[in-house]
1. Can you tell me which residues in region 135-156 are surrounded by 13 or more Cβ atoms within 10 Å (Cβ to Cβ) and among the small types (Gly, Ala, Ser)?
2. Only residues that are of a type in the set (Asp, Glu) and more than 10 Å from ligand 1 (Cβ to nearest atom): list them for region 165-198, please.
3. Of everything in region 148-170, what is among the charged types (D, E, K, R) and in contact (Cβ under 8 Å) with a residue 40 or more places away in the chain? Give them in sequence order.
4. In region 217-226, is there at least one residue being of a type outside the set (Gly, Ala, Ser), in a loop (DSSP other than H, G, I, E, B) and outside the structural domain of residue 92 (by TED's automatic domain parsing)?
5. Given 242, 219, which one is away from ligand 1 (no atom under 15 Å from the Cβ) and either among the charged types (D, E, K, R) or under 26 Å from residue 124 (Cβ atoms) (or both)?
6. Restricting attention to region 96-155, report how many residues are part of a helix (DSSP H, G or I) and closer than 19 Å to residue 242 by Cα.
7. Return yes or no: is residue 174 in a loop (DSSP other than H, G, I, E, B), among the small types (Gly, Ala, Ser), more than 30 Å from residue 6 (Cα to Cα) and outside the structural domain of residue 68 (by TED's automatic domain parsing)?
8. Hey, does region 193-202 have a residue that's closer than 29 Å to residue 81 by Cβ and in contact with a Pro (Cβ under 9 Å, 6 or more places away or on another chain)?
Amino acid sequence: MKKPRVGIFGFTGCAGDQLMILNLEDELLDLVGALDIKSFTMASSLVEDDEYDVAFVEGSITTPKQKEKLEQIRNKSKLLVAIGDCAAWGGVQASCNGIVSVSKKMVEVYGSRNVWEIYESKPLSAYVKVDFVLPGCPIEKEEFLRAATSLLHGDIPEAVDYPVCVECKLRENGCVLLEGRLCLGPITPGGCKARCPSLGVDCIGCRGVIDGESRIKSAIEVFKEAGFEKDYVKKRLRMFAANYPEILEVK
Ligand code: SF4
Ligand code: SF4
């Protein structure tokens with residue numbers, strides 16, 4: 001049987017999601033043996049320009065060249081999966097989108113020299129069709145393995161549709177929101193086993209935002225009623241999901 005052809009690519013980001021795939025340790029050799037890996041930016045300089053059954057793409061798009069490369073990958077891939085928050089939402093580098101212009105940031109960092117053309121950081125979905133999103137900063141190894149197994153059989157995995165709070169309660173944690181810290185668990189997709197609240201730390205929303213306009217609006221009201229300043233709530237929400245429409249519109 002022909003092995004599925006896979007490409008793993010990286011754009012603007014820290015490469016942490018590709019590292020999580022390399023960190024699979026116990027499963028990595030089986031995975032590599034079962035796949036025909038044509039490109040894996042972080043693992044090998046060998047790139048076979050081919051068609052892909054599945055392309056896993058990390059990082060946000062910030063330059064015209066990246067946009068062009070992403071479009072080429074999309075045209076050659078049956079399924080395209082965004083891995084990690086940068087690819088899914090634009091990442092932390094998008095948190096000032098619409099607040100500080102890219103040209104101003106370039107001048108701040110590089111002076112008046114016109115260094116190169118750069119875009120506001122955008123998720124892959126701003127430019128191409130994305131078939132599935134694996135959230136996280138970085139992604140969860142087990143979640144990647146489960147999703148990869150489905151995708152390589154041609155099935156789209158089920159996305160997590162419950163918030164971090166559910167996993168937090170299953171772990172019988174006390175609620176850090178009720179202790180007076182702004183926890184984004186109510187609007188962040190689960191899947192991390194409520195890692196941060198389980199350590200007594202508030203969730204900063206690294207898995208992006210769970211779909212549902214009313215859920216986001218209600219959570220924002222709850223945060224405000226709990227006494228958190230509007231600007232603080234807005235900044236916290238923008239950190240990992242600045243490109244999410246309802247977050248952009250928080251008044
Ligand atoms: S600590 Fe955070 S994640 Fe846990 S129940 Fe409270 S709000 Fe939800
Ligand atoms: S608890 Fe929140 S910030 Fe922590 S890993 Fe999970 S989604 Fe990310």
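The values are calculated or read from the model by the stated rules, or taken from the named source; none is laboratory data. In this text, all values refer to a predicted model and were calculated from it rather than measured experimentally. All Cβ positions, even for glycine, are placed from backbone atoms using ideal geometry, and neighbour counts span all protein chains on display.
1. Initially, region 135-156 is screened for residues surrounded by 13 or more Cβ atoms within 10 Å (Cβ to Cβ), giving 135-141, 143-152.
The answer is 136, 147, 148, 150.
2. Across region 165-198, the qualifying residue is only 172.
3. From region 148-170, those among the charged types (D, E, K, R) are 155, 158, 161, 167, 169; that's our starting set.
Scanning region 148-170 gives a single hit, 161.
4. Taking region 217-226 as the starting set, the residues that turn out to be of a type outside the set (Gly, Ala, Ser) are 217, 220-225.
Next cut, in a loop (DSSP other than H, G, I, E, B) only: none.
No.
5. Working: 219 fails: away from ligand 1 (no atom under 15 Å from the Cβ).
Checking each option against the conditions leaves just 242.
6. Filtering region 96-155 for residues part of a helix (DSSP H, G or I) gives 102-110, 124-126, 141-152.
Retained after the next criterion (residues that are closer than 19 Å to residue 242 by Cα): 102-105, 124-126.
So the answer is 7.
7. On the way: in a loop (DSSP other than H, G, I, E, B): yes; among the small types (Gly, Ala, Ser): yes; more than 30 Å from residue 6 (Cα to Cα): yes; outside the structural domain of residue 68 (by TED's automatic domain parsing): yes.
It is true that residue 174 is in a loop (DSSP other than H, G, I, E, B), among the small types (Gly, Ala, Ser), more than 30 Å from residue 6 (Cα to Cα) and outside the structural domain of residue 68 (by TED's automatic domain parsing).
8. No, the conditions are met nowhere in region 193-202.
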